[in-house]
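The structure under discussion appears below in the form of structure tokens.
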Amino acid sequence: MTDAELVAALDKLKDTMTSVATGGPQIQRVENSFVSLFDQVAVELRGRGIETALPYRSLWDWYGRWSQGDLPTYQMRRQFINDAFAPIINRVRDKPGQQYEPTGWTRVDRTVMEMRTRLAGAKTEEQFQSVGLLGRELLISAAQEVFDKDRHPTLDGVLASATDAKRMLEAYIAVELGGGINEYVRKHAKAALDLAVQLQHRRTATFRDAAICVEATTSVVSLIAIMAGLRDPDG
């Protein structure tokens, strides 16, 4: 499963547990499919190194729990399930790709952390769109850290504004990264910026879109940090 598919599967497990405890389908009708999905999700979580235990592999076990008397209302049962699943879902959503290594650029690192926090808690299209806005701001901040207008002339001769991440990054990469590879790195940086801008305006944005944006923009920051000598390219 992708991270987005795993989150969707966790949501389905959560919804099924909530439904059977709040007047929904009879347990015997959904037990087999629930157990099958539970086992798939458990494998995916272990593969990601997430050891947080899922509650109740069997809906009958869940029935035994809510029947103990301390969860008499539907609202209390819903809250119990939400509290059980929230940390697991957030762990999945908060781990797109590898662990981010701070650059030391305060605003850049702060924006990366904010993007990951927003992604972990995002549930609506507008919240996913906000990740795109932060992705654009991230690349602008990274470009401002390394671009020197005297040392890095823009490729088209147009003066780069303070928020023109595309021109600043293109110019920086062209000067600082010799050889034909700079063209591919420039294209990568431009694609990441385009992705962030597109996400920012996409009214049907999804978790997957936002997670890809986080990956793309932070990978550009990592490349820039290596070029600036802030990181060891070998790890």
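The values are calculated or read from the model by the stated rules, or taken from the named source; none is laboratory data. These numbers were taken from a predicted model, which means no experiment stands behind them. Note: ideal-geometry Cβ built from the backbone for every residue, glycine included; neighbour counts use all protein chains shown. Remember, those area values only see protein heavy atoms, side chains included, never the ligands or the DNA or RNA. Shrake-Rupley method; radii C 1.70, N 1.55, O 1.52, S 1.80 Å.
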Is the stretch 101-122 home to any residue that is open to solvent by less than 80 Å² (accessible area, probe 1.4 Å), among the charged types (D, E, K, R) and touching a Pro at 6+ places or on another chain (Cβ under 8 Å)? yes
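Looking at the stretch 195-214 only, could you name the residues that are open to solvent by 70 Å² or more (accessible area, probe 1.4 Å) and among the charged types (D, E, K, R)?
203, 208
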Residue hits (the stretch 196-215; within 14 Å of the chain's Cα centre (by Cα) and in a helix (DSSP H, G or I)) are 196, 199, 207, 208, 209, 210, 211, 212, 213, 214, 215
Check your understanding: In this structure, does residue 4 turn out to be over 21 Å from residue 207 (Cβ atoms), touching a Lys or Arg at 6+ places or on another chain (Cβ under 9 Å) and open to solvent by less than 30 Å² (accessible area, probe 1.4 Å)?
Key -> no
Over the stretch 26-74, the set of residues more than 26 Å from the chain's Cα centre (by Cα), exposed (fewer than 12 other Cβ atoms within 10 Å of the Cβ) and not in a helix (DSSP H, G or I) is 26, 67, 68, 69, 70, 72, 73
Listed by first then second residue, the pairs whose first member lies in the stretch 69-87 and is touching a residue at least 60 places away in the same chain (Cβ under 8 Å) and within 17 Å of residue 15 (Cβ to Cβ), whose partner is open to solvent by less than 60 Å² (accessible area, probe 1.4 Å) and hydroxyl-bearing (Ser, Thr, Tyr), with beta carbons under 7 Å and at least 6 positions apart or on separate chains, are 78/18; 78/22; 81/18
